[in-house]
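This report refers to the structure that appears directly beneath it.
The values are calculated or read from the model by the stated rules, or taken from the named source; none is laboratory data. Since we're looking at a predicted model, the values are computed, not measured. Here the Cβ positions follow ideal geometry from the backbone for every residue, glycine too, while neighbour counts run over all protein chains shown.
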Amino acid sequence: MDLKTKIGGGVIAAAVGLVAAWEGRSLVAYVDPVGIPTICEGYTHGVKMGDVATPERCDALTEQEVRKALSVVDGSTPRQLPDGVRVALASFVYNVGAGAYGGSTLVRKLKAGDLVGACRELPRWSYAGGKKLRGLERRRQAEMQICLSGLR
């Protein structure tokens, strides 16, 4: 395994760990705070109430979605971002989706090279269904700290 693969794998592992810490895991489908059927660590694509997953399936889905989120982050700016920024923003994209991320002030600041400003946008994303959620506030603070730590 070459160094780039090891480093990339480290970013993915760190992002999976961050996502898992904040999403929690449910092997049985449930309705999230905005009414979307969800399973595993916040996975929503095609989920129906009554669905059940194995821990192995959840691991695979979470890694698959983190890889997609990281790809969105990496594709959103022409420059290579520090690993801490990539980890934090992959967790963020996993949670809010590529569409919300792509049209955000955060991405505009990222593209302009204002990485600190981009990281500091994260706490603004603490709402779901129009309501401020304490869990999202805490998650965004953690993501911001990781994002900023990548800049020191």
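Structural remarks
- Pairing residues of the range 92-115 that are in contact (Cβ under 8 Å) with a residue 40 or more places away in the chain with residues that are surrounded by 14 or more Cβ atoms within 10 Å (Cβ to Cβ) and hydroxyl-bearing (Ser, Thr, Tyr), at Cβ distances under 7 Å and at least 6 apart in sequence or on separate chains, gives 92/101.
- Picking from residues in the range 41-69 that are out of contact with any helix residue (DSSP H, G or I) (no Cβ under 8 Å at 6 or more places or on another chain), part of a loop (DSSP other than H, G, I, E, B) and among the hydrophobic types (A, V, I, L, M, F, W, C), the one that is farthest from residue 144 (Cα to Cα) is 49.
- Verdict on residue 72 being of a type outside the set (S, T, N, Q), surrounded by 13 or more Cβ atoms within 10 Å (Cβ to Cβ), assigned to a loop (DSSP other than H, G, I, E, B) and free of Cβ contacts under 8 Å to residues at least 40 places away in the same chain: no
- Looking only at the range 75-86, and only at residues there that are assigned to a helix (DSSP H, G or I) and in contact (Cβ under 8 Å) with a residue 24 or more places away in the chain, the one that is surrounded by the fewest Cβ atoms within 10 Å (Cβ to Cβ): 83
- Some residue of the range 36-48 being closer than 25 Å to residue 106 by Cα and among the basic types (Lys, Arg): no
- Candidates 98, 60, 15: the one that is surrounded by 13 or more Cβ atoms within 10 Å (Cβ to Cβ), modelled with pLDDT of 95 or more, among the small types (Gly, Ala, Ser) and within 25 Å of residue 131 (Cα to Cα) is 98.
- Evaluation of residue 27 against the conditions (1) at pLDDT 95 or above; (2) part of a loop (DSSP other than H, G, I, E, B); (3) not charged (D, E, K, R) shows that the sole unmet condition is (2).
- Test: residue in the range 103-112 that is surrounded by 15 or more Cβ atoms within 10 Å (Cβ to Cβ) and within 23 Å of residue 32 (Cβ to Cβ): yes
- Residues in the range 113-152 that are touching a Phe, Trp or Tyr at 6+ places or on another chain (Cβ under 9 Å) and surrounded by 14 or more Cβ atoms within 10 Å (Cβ to Cβ): 122, 125, 133, 136, 139, 140, 142, 143, 147.
- Per the conditions (1) within 17 Å of residue 21 (Cα to Cα); (2) in a helix (DSSP H, G or I); (3) β-branched (Val, Ile, Thr), the sole criterion not satisfied by residue 38 is (2).
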